[in-house]
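The values are calculated or read from the model by the stated rules, or taken from the named source; none is laboratory data. A quick note: this is a predicted structure, and the numbers were derived from the prediction, not measured. Positions of Cβ are generated from backbone atoms using ideal geometry, with glycine treated the same way; all protein chains shown enter the neighbour counts. Accessible surface areas use protein heavy atoms only, side chains included; no ligands, DNA or RNA. Shrake-Rupley method; radii C 1.70, N 1.55, O 1.52, S 1.80 Å.
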Amino acid sequence: MKEEKEFYERLEEKGISRRDFMKFCGMLTATMGLSSSFIPEVAEVFAAPKQRPPVIWLHFAECTGCSEAVLRSMYPWIDELVINILDIAYHETIMAASGTQAEDILHASVKKYEGQFICVVEGAIATKYNGAYGKIAGRTFLDIAKDVCPKALATICIGSCSAYGGIQAASPNPGGYKGVGDALGIKTVNIPGCPPNPISFVGTVVNYLLLGKLPALDDVGRPLFAYGKSIHDQCPRRSHYENGEFVTEFGSKEAEMGYCLYKMGCKGPDTYNNCPIAKFNDGTSWPVQAGHPCIGCSEPGFWDKMTPFFVESK
Amino acid sequence: MGNRIIVDPITRIEGHLRIEVEVEGGKVKDAWSSGQMFRGIEIILKGRDPRDAPLFTQRSCGVCTYTHYLASIRAVENAVGVQIPDNARIIRNLLHGAQFQHDHIVHFYGLSALDWVDVVNALKADPAKTAALADNVSNGQKGGTVYFKEVQQRIKTFVDSGQLGPFANAYWGHPAYKLPPEANLMAAAHYIEALRLQAKAARMHAVFGAKNPHLQSLAVGGVTCVNDLTPDRIAEFLYLWKETQDFVKNVYVPDILAVAPFYKDWGAIGGTTNFLAWGDLPETAKEPDSLFLPRGVIMNRDIKNVQMAVPDKVTEHVTRSWYQGGDARHPYNGETNPIEGDPKYDTADKYSWLKAPRYDGQPCEVGPLARVLVAYGYGKKEFADLVNSTLQKLSLPATALFSTLGRTAARALETVAIGDAMEPWIMELVGNLKKGNGRTYTSWTMPKSGKGCGLNDVARGSLGHWIEIEDGKIKNYQYVVPSTWNLGPRCKAGKLGPVEESLIGTPVADPKNPLEIIRTVHSFDPCIACAVHVIDPHSNEVYKVRVL
């Protein structure tokens, strides 16, 4: 009991109330598909580890939407992730150093933590002209990835761009963009979505810190705990689909009634993700709730395979 | 010849940016701004369904999320000739207002504060004196000796761990940092508060926009969020708005006023010459007359002489960019192809993936400072009062607006003005619903062909999208983006882009640690993924653009 008291004291020192903390751990444990008996262990993962696990976060061809999505994390808050839980050694959007000072950090961190750091990649890699369409400090994304990713303990691809190439890889793919796994021929853990829900990313990291291994993946590298079921199977509008009650125009009576969006082009039946359950921004909403069809953003090649977006799937 | 300094990567921005400067006698003599990535979204859009363009172009940027989504929807609506209902206009404005609030807070604290605030120096602060300082300058919710002691302890534990994460190897202790330890501690505490506040502010987007980043509730013809126009949802939005605007008024603006007196010399550094704003936030269907952010252009800093801005005067140059061809062209008939092979970086020739947009042949700064100057020049009350009282509080002349400090302050002041405008919009929406007007969408049909444009002003500045439809498909799609205006390279005439110009004369105390360069570059809030795109070969016909 003494130990537990210290544990919560340590948390309170960090400005985290016991109630908030357990709420987060419970939610995360459920999201990860673990039984509630794991809640205390999930909690322990976040309780000020002696050495925070090092993370090197690379930005390639992307829009920074995935970093922004993680910034919206509320359980835990982003300042806790950055200051108390992880050691984000390199991340261009938040780091104070620029230029040479930033480059020095990248090289030093890769060397210091070789075989120990988690490499998170956001963005696709240009391959046309040996990757000449994307550079940082004179090096191509391709060269940087080839140098850094193989030295990582694991590479987590956050977002559909690093996972599968994303929007810049859509036909005719002017820069020859590819996902990290494809470009390097390595196995990656993929957290696709445009952007993904931060809870799916945090859940993957916790899975590793808690169980010492990465979560079980499907055949396109996605953790089953978040991507194991289709949007359609989890959709609160599913009964309207079964009853043949469809929206056929925005702004219609049927739209007001919250009918099924399948005939408006909804890609829910072909899309695997946790959106209807986890929702976005602290459970505030998700596209179908806002009356918009799912665009299938967590599926490989969705910018070609799922378009035109507003036409019923065949 | 002076020393060349290259800063690559520029961090705490969106995208991949390289800045090179030549320093002589401790000051910048020449500067080059270079975008280092090319994706080609406009090429990818060709032949696709016009209704898909807004979802594609939104992925230009996840930091300025929503802005391209909105601009693109407006361009398509202009091309198909549909007028959206009042409620849809209001909801779009509310989402856009929330974007300004969120984005500017993130920029000041997350992306630029560390240029002015020495976090490590905060460890030397006296928490009691910090509490007194905070009480004196701000009405923030959090404060008091105990609070600042806790924050300081948290920073100390972090520094003592030896794992400095994103704060490693930075410019701490640099002579250009001027704040006393107590001000550094106060600002560091607000930096952490802002990290949490922004996550809450972004929930405004989720209420009517499904999620943030990358909203998904607009449709060509209106909005789709019909089921969210309920009292509980509107109240949720209202309370999130209030919490955000309280932070803007009680923490963000007071921090600017508290920090600025230590950096008054930056009121004469980092200025540019010409300013352009397309304007935005229509308060009725009549544009540009009803725009809350007015449309205008200012040449040679002549703020008493604001002219109406017209898109026909825009040209884009590629002489110094990694594209083939050399003529300056109107964006509607741009003729551009990326060069083949590995682009050679050469500051004497071609050196960027960004093009160089010009208005009437002149480079123009766009963004918060341009908007505030245009509104101030027109004498628009919501802005004039804020600008005048701020100048008075800081004992600075109006000329100090043309600077890095002016740009940073303008961003905060427009956040106040836009945030204050939002409450009446919410009440207008409630009024419509009360009267039984719940319309959110206007029906339309896809024409066989059409052309349209959407002129917008978004967090980082003036944004234009242009679309040409043929056989119901996208024939051509182009956008001219804020960061292309601000961070573009030299043009055919050799005129420097605004950021390049702004860096000339900047003092550099230590060329190995060019903190001063980064300050001015950050003050423009660069977004490079947005700024780089290519316009495809197209007929030479300049088509007439209907302005929304």
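When both the stretch B:173-195 and the stretch B:468-483 are represented by their alpha-carbon centers, they are found 45 Å apart. Applying the Karplus relation 6.51 cos²θ - 1.76 cosθ + 1.60 with θ = phi - 60° to the stretch B:201-212 yields 3J(HN,Hα) values of 4, 5, 5, 4, 5, 5, 4, 10, x, 6, 5, 9 Hz, where x marks Gly and Pro.
Rounded if a/c is under 1.5, else prolate if a/b beats b/c, else oblate: with a ≥ b ≥ c from the C-alpha gyration tensor eigenvalues square-rooted, which is the protein assembly as shown? In terms of gyration-tensor shape, rounded. Beyond 32 Å in Cα-Cα separation lie the following of the pairs A:128/B:355; A:263/B:286; A:263/B:448; A:178/B:448; B:211/B:249; A:263/B:242: A:263/B:286; A:178/B:448; A:263/B:242.
For the stretch B:34-49, putting each phi into the Karplus relation 6.51 cos²θ - 1.76 cosθ + 1.60 with θ = phi - 60° gives couplings of 9, x, 10, 9, 10, 10, x, 5, 5, 5, 5, 6, 4, x, 8, 5 Hz, in residue order, rounded to whole numbers and with x for Gly and Pro. The mean number of partner chain beta-carbon atoms within 10 angstrom of a residue's beta-carbon across peptide B:145-154 is 1. Near residue B:184, within a Cβ-to-Cβ distance under 13 Å, what is the net charge of the other residues, with Lys and Arg +1 and Asp and Glu -1? In short, -2.
Leaving ligands and nucleic acids aside, the A/B contact buries around 7300 square angstrom of accessible area in total at a 1.4 Å probe radius. Around residue B:218, under 12 Å between beta carbons, what's the net of Lys plus Arg minus Asp minus Glu among the other residues? My count for the surroundings of residue B:218 gives +3.
Scoring B:299-308, A:77-86 by mean Cβ neighbours within 10 Å over their residues and listing the highest first yields A:77-86, B:299-308.
Classification of the stretch A:127-203 by its C-alpha gyration tensor yields an oblate form. The axis ratio a/c (a ≥ b ≥ c) is 1.5 or more, and b/c is at least a/b.
FRET efficiency for the residue A:219 to residue B:470 pair, using the beta carbon distance and R₀ = 41 Å, is estimated at 0.55.
Inter-chain neighbour count for A:164-175: the average number of beta-carbon atoms from partner chains within 10 Å of each residue's beta-carbon is 5. Here the spin labels are modelled as points 7 Å beyond Cα on the Cα-Cβ line, and at residue A:187 and residue B:230 they lie 4.6 nm apart.
Using a 1.4 Å probe over the heavy atoms of the protein chains, calculate the carbon and sulfur portion of the accessible area of the protein assembly as shown as a whole percent. Carbon and sulfur together cover 52 percent of it. Partner aspartates and glutamates whose Cα lies under 12 Å from the Cα of residue B:124, excluding those fewer than 8 positions away in the same chain, are identified as B:182. For residue A:187, the aspartates and glutamates whose Cα falls under 20 Å of its own Cα, not counting residues fewer than eight places away in the same chain, are A:114, A:122, A:143, A:147, A:218, A:219, A:299. Computed from label points 7 Å out along Cα-Cβ, the spacing between residue B:393 and residue B:349 is 5.2 nm. Using a probe of 1.4 angstrom and keeping all protein chains present, the accessible surface of the stretch B:30-168 works out to 27 square angstrom per residue.
Mean per-residue shielding of peptide A:254-263 is 2, counting Cβ atoms of other chains within 10 Å of each Cβ. Distances between placed amide hydrogens fall under 5 Å for residue B:476 paired with B:468, all partners being 5 or more residues away or on another chain. Accessible surface for the stretch A:178-314, divided over its residues, is 39 Å² per residue with a 1.4 Å probe. Excluding residue A:310 itself, what net charge comes from residues whose Cβ is under 13 Å from its Cβ, given Lys and Arg +1 and Asp and Glu -1? Neighbourhood net charge equals 0. Tell me whether the stretch B:84-182 comes out rounded, prolate or oblate; compute the Cα gyration tensor, take square roots of the eigenvalues as a ≥ b ≥ c, and use a/c under 1.5 as the rounded threshold. Here the stretch B:84-182 falls in the prolate category.
The phi-based Karplus calculation (6.51 cos²θ - 1.76 cosθ + 1.60; θ = phi - 60°) puts the 3J(HN,Hα) values of the stretch A:209-214 at 5, 7, 9, x, 8, 7 Hz, whole numbers, x for Gly and Pro.
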